[in-house]
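Below you'll find the structure, written out as structure tokens, and then a few comments.
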Amino acid sequence: MVSRPAPASTALPPMTGDGGPPMTGDGGPPGFDAFARAVLEDVRDAVFLQDATGAVRWANPAARALAGDAEPHLNAASETSGHLELAGHRHPARIRAVPGGWHAWTVSAEEIPQRRVGDFLAEAAPRLAAAHGRHGTARVIAELAASALAETVFVLLPTTRGRWEWWSCERPSAQGHGRIRRVPAQVAPVLAATFGTTGKPQQAPVPAPEVATLPSVVADRFAGHVDVSVVSLGPSASAGVTGAMLLGRRGDAEFGAEQSRAVAEFAVAAGTALANAQRYARQEEATRGLETTLRPVDPPALDGARFETWYEPAGGVLTVGGDFFDVLPHEDGSAFLVLGDVCGKGPEAAALTGRVRHALTALAMVERDGRTLLRLLNELLIAGGSSRFATLVLGTARPSGGGVGLTLASGGHPAPLIVRRSGVVEEVTVPGTLVGISPQARFAEAEVRLERGDVCLLYTDGITEARNRHDQTDLFGDDRLRAVLTAAAGEPAREVVRQLRQAVRDWLGSSAHDDIAVLAIECAD
């Protein structure tokens, strides 16, 4: 009777936390000590160790790479041969009996399908595209290179004060990040030439003496490697990115004769990803700077009056939009206030919003009459040649005698609403023409008084035109707005705005919305 190893169908045991083989010395077959494991770790053939019950108990790196996440099936044809089934593929295997009823299954390296350069680049592309920022992109480059091009990878990017910032990755997953001093060109000529290259990236060997000149955090990691090379990540004059990638291998190149092509093409893709990340970072920095100047600031404190705001631009690249508000205190204890809506949304609307706000800030320093301010702003917008228009309501708040007097002028904007402490909601009728459309625009002014507990609400049409999350044709509308304000009557401005915000958000759900701006003025005496 022929004795054969038992067939097995089992997943490979997991790796240990330290990245070593899953089995300890006392878990393997008799005589399977640390020396035997170390030898098998470096062979190119895939080796699986199967115990007497038919379970796979250990696999070397080549076997783990071959199996991946698939469940291996070991099928013996004789005492010395069989085949390994993985994800529908069959690989011929040699079988050798070892002490204790164990068997070693070996798949020759020649029988293992070689990874193709195109497959690696195709797998790398989406990860490079999805990386965020300079740091994230450099880290992903190191990870991808360590998965196929080398056992140890360092990505080096120039930074300030004569230093390099580095990101490293070593198989299977050890990562690092830090900064080191730049090595002078006279002691590291290959590295210096790589940073200075302007052509297509080409892999260049780095001599051992030059590797030794690098700071120890780098040099020590390449000890024991049979090959250390460097490749440029490609300079970009427009994005200001120049980088290099150090690659260290202990064994044979994964792509064989195609290794140099794999390194060069990956370097091009990685350099493009870094340039895009740098370009995006600069655009984001410029955007944040623009937003800082355009985003409304919290209103100042005013004796006798409190202000509450709600500002929520429509989704987009900018966190500012076409809606705006401002409250500017005067030395006499009053304050200039304005809330408006520039036609459209996004960067163009935000740019015009900035012009309107800056113009009104300057004009309000020398002019208090609201109708005159609107007339001057109308002339400025028309003279500027913009095809966009604006609606706004502006005026002055003057605390006095336990109340707050409001003088309001409007340019085609939704009428302000007064929420009386008694529960009555009043509309302030202030007729006016859109601002920036016609030289013949006409504007009016109205005066109202707030008593203690009263709130005046200025708002943009992002409130009334908010679309229902279930039916996009159903708008929040004026009636719902008044109902919310009536229910909140007698509450301080902060609570009135909170209840309105909650009602509109419940109405919208996750639906997109237009820019929203609310400015509430409360008599607090």
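Since every read-out is calculated from the coordinates, none of them should be taken as a lab result. Please read all numbers here as calculations on a predicted model, not as lab measurements. In this analysis, Cβ positions are derived from the backbone assuming ideal geometry, glycine residues included, and neighbour counts consider all displayed protein chains.
Taking the dipole about the Cα centre of the chain, with the C-beta of Lys and Arg at +1 and of Asp and Glu at -1, give me whichever of PHE324, PRO61, THR194 is farthest to the positive side.
THR194
As an exercise, use a Förster radius of 22 Å and the Cβ-Cβ distance of ASP298 and HIS358 to find the FRET efficiency, rounded to the nearest 0.05.
After rounding, the FRET efficiency stands at 0.75.
What list of ³J(HN,Hα) couplings, whole Hz, do you get for segment 516-525 from phi and the Karplus terms 6.51, -1.76, 1.60, once you set θ to phi - 60° and write x for glycine and proline?
For segment 516-525, the Karplus-derived couplings read 10, 9, 9, 10, 10, 10, 10, 7, 10, 6 Hz, x marking Gly and Pro.
Can you list residues whose amide H is under 5 Å from HIS177's amide H, if they're 5+ apart or on another chain and H is modeled 1.01 Å from N?
Those qualifying (amide H under 5 Å, at least 5 residues apart or on another chain) are SER168.
How do MET245, MET365 rank when sorted from fewest to most other Cβ atoms within 10 Å of their own Cβ?
Neighbour counts put them in this order, fewest first: MET365, MET245.
Quickly work out the ARG368-to-LEU475 label distance, labels modelled 7 Å from Cα along the C-beta direction, and quote it in nm with one decimal.
Roughly 3.7 nm, to one decimal.
From the backbone phi of segment 147-164, what are the Karplus-calculated ³J(HN,Hα) couplings (6.51 cos²θ - 1.76 cosθ + 1.60, θ = phi - 60°) in whole Hz, Gly and Pro given as x?
Values per residue, Gly and Pro as x: 7, 8, 9, 6, 7, 10, 10, 10, 9, 10, 10, x, 9, 6, 6, x, 10, 10 Hz.
Once you keep just the Cα pairs under 8 angstrom separated by 6 or more residues, what percentage relative contact order results for segment 117-286?
26 percent.
Quick query: amide H of GLY432 versus all other amide H atoms, modeled in the peptide plane; which residues come in under 5 Å with a sequence gap of 5 or more or a different chain?
It is GLY412, by chain and number.
Which residue, ILE521, ALA444, THR106, has the largest displacement toward the positive end of the dipole of the chain when charges sit on each Cβ (Lys, Arg +1; Asp, Glu -1)?
The one lying farthest along the dipole's positive direction is THR106.
ALA305's amide H: which non-local residues (gap 5+, or another chain) put their own amide H closer than 5 Å, with H modeled 1.01 Å from N in plane and none for Pro or chain starts?
Amide H neighbours of ALA305, under 5 Å, 5+ apart: ALA524.
Taking the Cα centre of the chain as the origin, how large is its charge dipole in debye, to the nearest 20, when only Lys and Arg (+1) and Asp and Glu (-1) carry charge on their Cβ atoms?
That gives a dipole near 1120 debye.
Using Cα atoms only, what is the angle between the long axis of helix 117-130 and the major principal axis of the chain, expressed in degrees (0 to 90) to the nearest 10?
In the chain, helix 117-130 runs at an angle near 30 degrees to the longest axis.
Per residue of segment 404-409, in order, report the coupling 6.51 cos²θ - 1.76 cosθ + 1.60 (Karplus, θ = phi - 60°) as ³J(HN,Hα) in whole Hz, putting x for Gly and Pro.
10, x, 10, 10, 10, 10
Helix-only mean residue ellipticity at 222 nm, the chain, DSSP H runs n ≥ 4 weighted -39,500 (n - 2.57), per residue, nearest 500. What is it?
The helix-only estimate for the chain comes to -9500 deg cm²/dmol at 222 nm.
Stretched out fully, how many nm does the piece from SER81 to ALA208 gain, at 0.36 nm a residue minus the Cα gap?
Here the segment from SER81 to ALA208 would lengthen by 41.3 nm.
At what distance in nm do the modelled label points of HIS73 and ARG90 sit from each other, each positioned 7 Å from its Cα along Cα→Cβ?
It is 1.1 nm.
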